[in-house]
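Before any comments, here is the structure.
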Amino acid sequence: MSVQPVPGAHPHPLRSEVRGLLQVAMAVFSFTVVIGILNGTDLVDFDRRRILAHVHAGTLGWITMSVFAASLWLFGQEGLGEGQRRAARMLAIYAAVALPAFAFTFAFTYGDARPVMGSFALIAIVGFFAWVLIRARGMTLTVPHLGFLAAVATSVVGGVLGVLLATKIATGRNVLPDGGSDAHPATMVVGFLIPVGMALAEWCFHWERLKPAGRLGMAQIGLPFLGGIVLMVSLLLDASQVAPIAALLELAGVVIFIKRLWPSFRATNWAQPSMARFAAASSIGILFNILLLNYLAGRYSGNFDNVPTGNLLALDHTMFIGVLTNAIFGLLYAATPAHIRERTPLAGNVIFFGTNVGLVGFAAGLLFEVTMLKRIFTPIMGTAILFSLALHTYQIWERSREGAAEPETARARGLA
Ligand code: HEM
């Protein structure tokens with residue numbers, strides 16, 4: 001029995017839940033991108049509440065929702081019981097409402113509505129973690145499976161810190177030590193996104209050829225998982241001198257990742273649209289992010305309060321766009337049947353090079369504080385992403401329409 005469900009072997013039992021979550025994720029992300037373009041070109045000076053909605057529509061509405069879709073896809077292909085299928089469906093519908101609702105709450109208030117809606121969002125994260133954990137029990141686990149497990153487990157902790165932070169800001173009650181306002185984003189951006197970024201990149205590289213995880217693969221996920229916990233504790237206890245150790249644990253995991261995936265990376269054809277090309281770009285994003293994290297941890301002796309805002313924003317956006325958005329575009333590539341993709345031959349290159357050239361210019365503008373670079377490259381990156389969201393929305397819709405019109409033909413085409 002292969003450990004990896006072979007797409008096309010038979011229709012994925014959760015294909016409408018997977019597509020539904022990806023569709024909602026794309027719709028919510030368009031809000032983040034539009035705010036990002038207006039903010040990055042300095043056309044609009046947004047109030048902090050709108051910026052926080054921009055952050056969480058991106059991190060919860062796009063990334064976390066897509067991670068949920070990928071979890072159903074990866075853990076839900078074989079041997080799904082009726083109860084697990086129903087639970088997956090309810091969780092998908094619940095998350096599609098709770099996550100965007102919470103993300104948009106940030107735009108309007110610092111008050112009680114945030115911890116309340118945040119708790120509803122946290123329930124979705126805990127629900128998916130439980131579902132993945134139950135599914136994992138009967139499976140032969142590959143490195144991407146382990147990456148998802150470690151990442152979703154950490155997002156539960158990051159979410160709890162987020163709800164406590166929202167409570168502290170809304171009520172003034174001291175439910176979290178001072179370091180909590182850094183511990184939440186750090187736990188999420190490092191502890192949640194690095195393992196899931198590595199998992200998605202490997203899955204996009206090896207799609208039908210995943211193998212059971214060996215010791216090296218387990219260390220690749222275990223070290224960053226541990227690093228995320230050490231970083232969180234060091235910030236909560238205000239022990240900033242420990243943070244560089246956490247950064248080194250992350251680096252060790254990424255070195256193993258590069259070693260294991262180097263042959264696939266080298267085999268990537270950069271001129272042709274493919275899942276592997278998105279995986280390769282995502283891998284460069286992971287390496288750049290970890291090197292920058294270690295440089296900043298060393299240079300500022302682990303005290304991230306002293307790091308210039310531009311550097312932190314560059315760190316965050318190379319993770320959000322460079323790592324996760326590239327990897328999720330790889331998934332959307334797999335979710336679109338070849339005969340539909342072939343109708344827009346140029347689109348793949350416009351999306352890939354527009355997003356990544358835009359990102360490099362945008363990140364350079366933030367890192368070296370060159371405003372003109374930021375103003376030129378933000379709309380390039382943003383427009384390429386919006387084009388991708390519109391095209392993939394049309395293609396998923398087109399695929400569903402075909403599936404409905406000619407189920408046999410669609411099934412024969414082995415559409416996941
Ligand atoms: C249930 C889930 C979540 C809750 C309850 C939550 C809550 C919060 C709260 C209350 C803040 C502080 C806002 C303020 O300063 O007024 C915040 C900031 C932040 N959160 Fe979350 N969040 C969640 C999920 C996430 C995820 C999944 C990520 C990233 C992967 C994330 C990344 C961030 C970042 C980067 C900031 C700092 C923004 C800034 O200061 O500019 N959050 N979050």
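Things to note:
- Length-normalised contact order for segment 13-139 - Cα pairs under 8 Å, 6+ apart - percent: 33 percent
- Available extension along the chain between ILE123 and VAL233 is 37.3 nm, counting 0.36 nm per residue and deducting the alpha carbon span.
- Adding -39500 (n - 2.57) for every DSSP H run of four residues or longer, then dividing by how many residues the chain holds, sets the calculated 222 nm ellipticity at -24500 deg cm²/dmol.
- Springs join every pair of Cα atoms under 10 Å in this Gaussian network model of the chain, and among ALA271, ALA314, ALA327 the largest mean-square fluctuation is at ALA271.
- The tail of the calculated P(r) for the chain beyond 28 Å holds 45 percent of all Cα-Cα pairs.
- Average 1/r across all pairs of distinct alpha carbons in segment 13-139, invert it, and you get the Kirkwood radius: 15.3 Å.
- Taking N as its residue count, the alpha carbon Rg of segment 130-267 over 2.2 N^0.38 Å: 1.15
- Between segment 183-242 and segment 80-99, the alpha-carbon center distance in angstrom: 26 Å
- Across the chain, the mean sequence separation of Cα contacts (distance under 8 Å, 6 or more residues apart), normalised by length, yields a relative contact order of 18 percent.
- Using θ = phi - 60° and Karplus 6.51 cos²θ - 1.76 cosθ + 1.60, couplings along segment 268-283 (whole Hz; Gly, Pro as x): 5, 8, 6, 8, 10, x, 6, 4, 4, 5, 5, 5, 5, 5, 4, 5
- Here's how it looks for THR41: its modeled amide H is under 5 Å from none belonging to a residue 5 or more places away or on a different chain.
- By accessible area, using a 1.4 Å probe on protein heavy atoms only, segment 128-269 has 67% of its surface on carbon and sulfur.
- Positive minus negative residues near ALA201 (Lys, Arg vs Asp, Glu; Cβ under 12 Å): +1
- Think of the chain as having a plus end and a minus end, set by charges on the Cβ of Lys, Arg, Asp and Glu; of PRO144, PHE102, THR318, PRO144 sits farthest toward the positive end of this dipole.
- TYR300 accessible area, 1.4 Å probe, all protein chains in place, Å² to nearest 10: 40 Å²
- Only protein heavy atoms count here; on that basis, with a 1.4 Å probe, LYS259 has an accessible area of about 140 Å².
- Partner lysines for LYS211 [C-alpha distance under 18 Å; skip if fewer than 8 residues away on the same chain]: LYS259
- Under a Gaussian network description of the chain, with springs only between Cα atoms under 10 Å, the residue in VAL132, VAL33, VAL44 that fluctuates furthest is VAL44.
- Solvent exposure ordering (accessible area, 1.4 Å, most first) of LEU346, LEU21: LEU346, LEU21
- Among the protein heavy atoms, those of ILE245 account for about 100 Å² of accessible surface (1.4 Å probe, every chain in place).
- A simple count of charges around PRO273, restricted to other residues whose Cβ falls under 14 Å of its Cβ and scoring Lys, Arg +1 and Asp, Glu -1, yields +2.
- Positive-end extreme of charge dipole, the chain - chosen from THR393, LEU226, LEU293 (charges on Cβ): THR393
- Label positions at TRP270 and LEU287, each projected 7 Å from the Cα along the C-beta direction, are separated by 1.1 nm.
- For segment 281-416: relative contact order, % (alpha-carbon pairs under 8 angstrom, 6 or more apart): 23 percent
- About its Cα centre, segment 257-354 has a charge dipole of approximately 360 debye under the convention of +1 per Lys or Arg Cβ and -1 per Asp or Glu Cβ, with nothing else charged.
- Other residues lying with their Cβ under 13 Å from the Cβ of ASP42 contribute a combined charge of +1, Lys and Arg counting +1, Asp and Glu -1.
- Calculated P(r) tail over 13 Å for segment 294-353, as whole % of Cα pairs: 71 percent
- Summed over the residues of the chain and divided among them, the accessible surface reaches 41 Å² per residue at a probe radius of 1.4 Å.
The values are calculated or read from the model by the stated rules, or taken from the named source; none is laboratory data. Quick caveat, the model's predicted, so the values are computed rather than measured. Quick reminder, even Gly has a Cβ in these numbers, built from the backbone with ideal geometry, and neighbours come from all protein chains shown. Heavy atoms of the whole protein, side chains included, go into the accessibility calculation; ligands, DNA and RNA do not. Shrake-Rupley method; radii C 1.70, N 1.55, O 1.52, S 1.80 Å.
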